[in-house]
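To start, the structure itself, in structure tokens.
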Amino acid sequence: MEDTSSRPPGDRDDFFTPGTTYELAEARTPAARAAFMCVATAPHPSKPSTRRAFGFLRISPTAAWQSYAMGPDVWAYGWTAVATEPGQPVTVYEAQYDTERLGLYTNRAAARQHCLADVQREAAPPDGFTSWVPDHGDDAPEDLLVFSPGDESGVCTGYSVIPVTASPAYTPQDQEQEQGAAR
């Protein structure tokens, strides 16, 4: 495993993760506890080595959510991932090879990382590159393709990341929906 301790926080794996909600650990009172829902991360356009996290910030439990972007300097304040609210559906991400389950992860990035590691072990072309191609929509399944120089269409690797929404409780309507979808 790579030693990331000397790299800035935004370049390590301990940065905000899309699909995760965080609370600021050092709140003076519970009423002052800030929360940040991370929706996406991306490199800063003028500072490619610095990632930014995009999402929604709430400065207290009773405040309204506001659009917000955070950098590694803000991560250093001590944000902690929190569980989703009880009774809410949870989306997990399944890494797959063909139809074989490789693992379930709480975020898309970890499922992608698993698939990429497997492709790299299988000796992906050294002069090629990989890209994730979504089916359709924001939270759609994605397929991992390998592109070689001069190849515009890419080759499907068989690796996929599939979002799976888990219900907090069983209801008869869930079973009816699943049976209808299977027909």
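For the reader, a short list of remarks on this structure follows.
- Identity of the residue in region 22-51, among the basic types (Lys, Arg) and either in a loop (DSSP other than H, G, I, E, B) or farther than 22 Å from ALA110 by Cβ (or both), that ends up modelled with the lowest pLDDT: ARG28
- Search result, residues across region 105-131 that are over 24 Å from ASP151 (Cβ atoms) and more than 12 Å from the chain's Cα centre (by Cα): HIS114
- Flag if GLY19 is closer than 29 Å to ALA169 by Cβ, out of contact with any Phe, Trp or Tyr (no Cβ under 7 Å at 6 or more places or on another chain) and either of a type in the set (Gly, Ala, Ser) or modelled with pLDDT under 75 (or both): yes
- Checking each residue in region 52-92 for being hydroxyl-bearing (Ser, Thr, Tyr), open to solvent by 50 Å² or more (accessible area, probe 1.4 Å) and at pLDDT below 85 picks out THR62, TYR77, THR80, THR84.
The values are calculated or read from the model by the stated rules, or taken from the named source; none is laboratory data. Everything quoted here is computed from the prediction, not taken from an experiment. Positions of Cβ are backbone-derived with ideal geometry, glycine not excepted, and every protein chain shown enters the neighbour counts. These area figures cover heavy atoms from the full protein model, side chains too; ligands, DNA and RNA do not enter into them. Shrake-Rupley method; radii C 1.70, N 1.55, O 1.52, S 1.80 Å.
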